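The values are calculated or read from the model by the stated rules, or taken from the named source; none is laboratory data. Since this is a predicted model, take the numbers as computed values, not measurements. Neighbour counts are summed over all protein chains in view; Cβ atoms, including those assigned to glycine, are modelled from backbone coordinates with ideal geometry. These area figures cover heavy atoms from the full protein model, side chains too; ligands, DNA and RNA do not enter into them. Shrake-Rupley method; radii C 1.70, N 1.55, O 1.52, S 1.80 Å.
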Amino acid sequence: MKFQAERVANVKKMVRDICTTDLDRDGRHEVIVGSMDRTVRAYTLRGEHIYTVRMHDWVSVLVPLEDGRVLAADRSGNVIVISPEGTVECMRELNTHVYSSIKADVDDDGEEEILLGANGATFVLDAKLNIKAKVKGQGIAAAFAIDEEKGTVFIGHFGGLLKRWCWKGREKKWYFGESIYTLLLADIDDDGSKELVVGGRPPHVVVLDYELREVVSRGTKASVLSLAVFESAWGRSLLIGTRAGHFFAIRVRDFREVFVRTLGQPITQLIIEDVDRDGTQELIMLNWTVLRIIDPRFAQVCKIEFGAEWIRRMRVCDVDADALPEILLGLSNGDVYLIDQA
C-alpha cells in the first residue's frame, strides 16, 4: 500500500475544521475549509478557489448539509448556512462558544438535525437554523455519541458531565471526573447491546451500559483523547490514544492488553476504515504531526510526517468518486492536504 500527499490549498492561518461536499453536483467533492482568519473557503481538489465567506470570529465548526450547502459556526456563536454559490442563506446568533457538532435524525421526522456543542448547552437546529431543542450542560459540550435507532444522544462535557438525552424521554446524568474528551458508542463485546466508552481526564477509560452503570474501567497513564473498536489479529479490541502518546489495544473479551506503544506525541484521532477496499479494515491514526496507517497486526503500513506542523483536523471520505477513501488533513500553518493511494 503506497500513499502520496498532495497539497490542495493554504488558508494562511490555522485550519480549525474541514469538510467536503459536492458543490456542482458532478459526483466529485469540493473541499471546505474554516480557519482562524475568520473565513470559510471552498476549493476544488486541484486547488482552484471557489468562494470565500467571512465570519465574525475564527471558524470552529463546519457541517455539510444537503444540496452542497454548508453550515458554519464561529467561536462567538454566529451560525450561518452557505449556499453552493458562496452566499449566506440564513444566520443565527447563539451568543456562546460553539465547539463541536454532529448530525442525526433525533426526532424521527425523516430529516437530520444538526447538534452544536457549545459552552453551557447543546443546540439542536434544523437546516434553516431554527432551534428545536436546547440541552443544558456543564462547561463545553465537547464529545457526542448517537444511537439513531433509539433517538438517543450522549453528550460529554469538559466539566466532566455526561448526559443521556433523547427527544422524548427523561435525561440521565453521570459524572466522569474533570473533563470528557471522547465518547464511543458500540457493541464492543458483541453481545447484541451497545456500550458507551468514556475517555478524558483523570486518565482512565470507563465502559458504561445504556443506563450509565459502570461495567469496567481501566487506568491509562495520561488523559484519553481518542477511542475506537478494531478487529485486530487478537480479536475485537478497544483502542485507546492518550495525550502523552500512549497507544493501548485492549482485547474486549477479557479486557487485557494485547498491544502497547508509546509514540511520544498526543494521539488525537483514531479512525477505522478499509482504505484499499480489500475487505480488511485498517486503523488510521493521527499522532499530532504524523499520520499512520496500521494493519490488524498493528504493523505500520504507511507513515507521513509533517515536520513541526500540527495536524488540526482529519476527515476520511471518497472525495474524487473513485470508490476508494481519501484522507483530508488541515494543518496548523493553513495547509490542506489530500492523502490518496499512489
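All of (1) open to solvent by 50 Å² or more (accessible area, probe 1.4 Å); (2) within 28 Å of Lys303 (Cα to Cα); (3) among the small types (Gly, Ala, Ser) hold for Ser76 with one exception: (2). If I filter the stretch 132-143 for residues that are out of contact with any helix residue (DSSP H, G or I) (no Cβ under 7 Å at 6 or more places or on another chain), polar (S, T, N, Q) and within 26 Å of Asp74 (Cα to Cα), do I get at least one hit? Yes, that holds for at least one residue. Looking only at residues in the stretch 108-126 that are surrounded by fewer than 19 Cβ atoms within 10 Å (Cβ to Cβ) and farther than 18 Å from Lys173 by Cα, the one that is nearest to the chain's Cα centre (by Cα) is Glu112.
For (1) surrounded by 20 or more Cβ atoms within 10 Å (Cβ to Cβ); (2) within 28 Å of Arg236 (Cα to Cα); (3) of a type in the set (Ser, Thr, Tyr), each residue gets a yes or a no:
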site: Asp274; (1), (2), (3): no, yes, no
site: Asp278; (1), (2), (3): no, yes, no
site: Leu283; (1), (2), (3): yes, yes, no
site: Glu305; (1), (2), (3): no, no, no
site: Trp310; (1), (2), (3): no, no, no
site: Glu326; (1), (2), (3): yes, yes, no
site: Asn333; (1), (2), (3): no, no, no
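The numbered conditions (1) open to solvent by less than 20 Å² (accessible area, probe 1.4 Å); (2) in contact (Cβ under 8 Å) with a residue 60 or more places away in the chain; (3) among the small types (Gly, Ala, Ser) are all true for Ala5 except (1). Within the bounds of the stretch 83-97, is there any residue that is crowded, with 19+ Cβ neighbours inside 10 Å and either out of contact with any strand residue (DSSP E or B) (no Cβ under 9 Å at 6 or more places or on another chain) or among the β-branched types (Val, Ile, Thr) (or both)? No, that holds for no residue. Yes or no: the stretch 244-265 includes at least one residue that is surrounded by 21 or more Cβ atoms within 10 Å (Cβ to Cβ), within 27 Å of Met14 (Cα to Cα) and under 16 Å from the mean Cα position of the chain (by Cα). Within the stretch 244-265, not a single residue is surrounded by 21 or more Cβ atoms within 10 Å (Cβ to Cβ), within 27 Å of Met14 (Cα to Cα) and under 16 Å from the mean Cα position of the chain (by Cα).
Selection of the stretch 90-111 for residues being over 13 Å from Trp167 (Cβ atoms) and assigned to a strand (DSSP E or B) yields Cys90, Met91, Arg92, Glu93, Val98, Tyr99, Ser100, Ser101, Ile102, Lys103.
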